[in-house]
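Q: Got a structure for you, questions after.
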Amino acid sequence: MIRFRLIPALALMSAALAVTVPAQAQDKGSVNPKPLPPLANPNDPNIAAKELFGRKLQPAALAPQAIGFYAKGCIAGAVALAINGSAWQVMRLSRNRNWGHPDLIALLERVAVKAQKTAGWPGLLVGDMSQPRGGPMFTGHASHQIGLDADIWLTPMPNRQLSREEREETSAVMMVRKDRLDIDPATWMPTHLPVIRAAAQEPQVERIFVNAAIKKALCREAKGDRSWLSKVRPMYGHDYHFHIRMKCPAGSTNCEAQTPPADGEGCSAGDLAYWFSDAVLHPKPPPVPPKPKPPLTLANLPSECRQVLQAPDAK
């Protein structure tokens, strides 16, 4: 096993893997996950699609295809990211969400090695990607449905192989200050920027989602070529990790592309003003609670997703 010498700040963050953090930081996994009970009527047209896709433990024996949009689709021919690599480890194994299009797997492996070599980053801790056949998930994400999204913890990988318990029960380290206006200097490090930059500079990457405070820090700290900053977009809920989103791969003719990000760095006061407004930082509950949206059904997804569900397991 390759070992890395950590600078003190990295060592401190790696040590945080053994420290209990607030529950809101991240949902824990389970060392002994219980299998889901069988569905009484899996052919019911009104059943939530997450009930169908969440019960598929293996990918479909079909050619690789990202199908539909990031938040309304599925994936055929997904492959798993190895849970241990020379420059990465997968977290939350009980979720079985380390699946993706083969191009995403190659991208993550490439970014992990590049971050290690050029940024001095010990290695990536990889969070949720997609389910074996993609589709809606029981918890945690509206996107991640077509095998082109991956969450990367902003906590560096330690210089040892994590135990199953550590992968399920520890949380990523908080990067945002308590007032939400900037990064926390106690946890944010200069080496975070080149790790995110390494991902954003990949031609296949469409977007990188981060908390607005992290975007502010990147805008402040980036030197030289700053063109990659246009891909880095503020988004809710990315205080502990950054989210890589790939473009539709070649050959995925049923993949719905996202509108490319706007030109420019996205670093002006006007670009960031919304994210630091009082309405966003301290939202007030609406006078009338909104009616929950009904869950997606199979009929709401591209028709090809029915074939993905019905296909035999890949060997």
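Q: Quick check: anything in segment 95-104 surrounded by fewer than 22 Cβ atoms within 10 Å (Cβ to Cβ), at pLDDT 95 or above, over 25 Å from Arg55 (Cα atoms) and not acidic (Asp, Glu)?
A: No, that holds for no residue.
Q: Assess whether Leu52 counts as being open to solvent by less than 50 Å² (accessible area, probe 1.4 Å), in contact (Cβ under 8 Å) with a residue 60 or more places away in the chain and either out of contact with any Pro (no Cβ under 9 Å at 6 or more places or on another chain) or among the charged types (D, E, K, R) (or both). Full working, then the answer.
A: Details: open to solvent by less than 50 Å² (accessible area, probe 1.4 Å): yes; in contact (Cβ under 8 Å) with a residue 60 or more places away in the chain: yes; either out of contact with any Pro (no Cβ under 9 Å at 6 or more places or on another chain) or among the charged types (D, E, K, R) (or both): no.
No: the conditions fail for Leu52.
Q: Now for a different question. Which pairs have Cβ atoms under 6 Å, sit 6 or more apart or on different chains, and link a residue in segment 59-85 that is open to solvent by 50 Å² or more (accessible area, probe 1.4 Å) to one that is in a strand (DSSP E or B)?
A: Leu62/Ala76; Ile83/Val90
Q: Please name all residue pairs, on different chains or six or more residues apart, with Cβ atoms under 7 Å, provided the first residue is in segment 261-276 and is without any contact (Cβ under 8 Å) to a residue 40 or more places away in the chain and more than 14 Å from Val210 (Cα to Cα) and the second residue is surrounded by 11 or more Cβ atoms within 10 Å (Cβ to Cβ) and not hydroxyl-bearing (Ser, Thr, Tyr).
A: Tyr274/Val280
Q: Select from segment 215-236 the residues that are within 17 Å of Ile183 (Cα to Cα) and under 16 Å from the mean Cα position of the chain (by Cα) and list them in ascending order.
A: Of everything in segment 215-236, those that are within 17 Å of Ile183 (Cα to Cα) and under 16 Å from the mean Cα position of the chain (by Cα) turn out to be Val232, Arg233, Pro234, Met235, Tyr236.
Q: Looking only at segment 114-126, which residues are open to solvent by 10 Å² or more (accessible area, probe 1.4 Å) and either within 18 Å of the chain's Cα centre (by Cα) or among the hydroxyl-bearing types (Ser, Thr, Tyr) (or both)?
A: Once the filter is applied, which keeps residues that are open to solvent by 10 Å² or more (accessible area, probe 1.4 Å) and either within 18 Å of the chain's Cα centre (by Cα) or among the hydroxyl-bearing types (Ser, Thr, Tyr) (or both), segment 114-126 yields only Thr118.
Q: Right, next: Return the only residue of Pro249, Pro290, Pro261 being out of contact with any Lys or Arg (no Cβ under 8 Å at 6 or more places or on another chain) and modelled with pLDDT under 95.
A: Details: Pro249 fails: modelled with pLDDT under 95; Pro261 fails: out of contact with any Lys or Arg (no Cβ under 8 Å at 6 or more places or on another chain).
Testing whether each residue is out of contact with any Lys or Arg (no Cβ under 8 Å at 6 or more places or on another chain) and modelled with pLDDT under 95 leaves just Pro290.
Q: Could you grab me the full set of residues in segment 144-159 that are closer than 19 Å to Val79 by Cβ and more than 9 Å from the chain's Cα centre (by Cα)?
A: Of segment 144-159, the ones closer than 19 Å to Val79 by Cβ are 144-152.
Hits for segment 144-159 are Gln145, Ile146, Gly147, Leu148.
Q: Same structure, new question: Just to be sure before I move on: is Gly134 of a type outside the set (A, V, I, L, M), more than 30 Å from Phe69 (Cβ to Cβ) and open to solvent by less than 20 Å² (accessible area, probe 1.4 Å) in the structure I sent? Talk me through it step by step, then tell me what you get.
A: Values: of a type outside the set (A, V, I, L, M): yes; more than 30 Å from Phe69 (Cβ to Cβ): no; open to solvent by less than 20 Å² (accessible area, probe 1.4 Å): yes.
For Gly134, the condition - of a type outside the set (A, V, I, L, M), more than 30 Å from Phe69 (Cβ to Cβ) and open to solvent by less than 20 Å² (accessible area, probe 1.4 Å) - is not met.
Q: Another question, if that's okay. Of all residues in segment 227-254 being in a loop (DSSP other than H, G, I, E, B) and of a type in the set (D, E, K, R), which is most open to solvent (accessible area, probe 1.4 Å)?
A: Out of the qualifying residues, it is Lys247.
Q: Okay, next question. What helices (runs of 4 or more DSSP H) completely inside segment 143-221 contain at least 2 residues that are basic (Lys, Arg) and surrounded by fewer than 23 Cβ atoms within 10 Å (Cβ to Cβ)? So that I can check it myself, show each step before the final result.
A: On the way: elements: 164-169, 192-200, 212-221.
Filter on segment 143-221 gives 164-169, 212-221.
Q: Looking at Leu57, Leu17, Leu10, can you tell me which residue is in contact with a Pro (Cβ under 7 Å, 6 or more places away or on another chain) and modelled with pLDDT of 95 or more?
A: Values: Leu17 fails: modelled with pLDDT of 95 or more; Leu10 fails: modelled with pLDDT of 95 or more.
Within the list Leu57, Leu17, Leu10, the selection yields Leu57.
The values are calculated or read from the model by the stated rules, or taken from the named source; none is laboratory data. All of these numbers come straight from a predicted model, not from anything done at the bench. Neighbour counts run over all protein chains shown; Cβ positions are idealised from the backbone, glycine included. The area values use the complete protein model at the heavy-atom level, side chains included, leaving out ligands, DNA and RNA. Shrake-Rupley method; radii C 1.70, N 1.55, O 1.52, S 1.80 Å.
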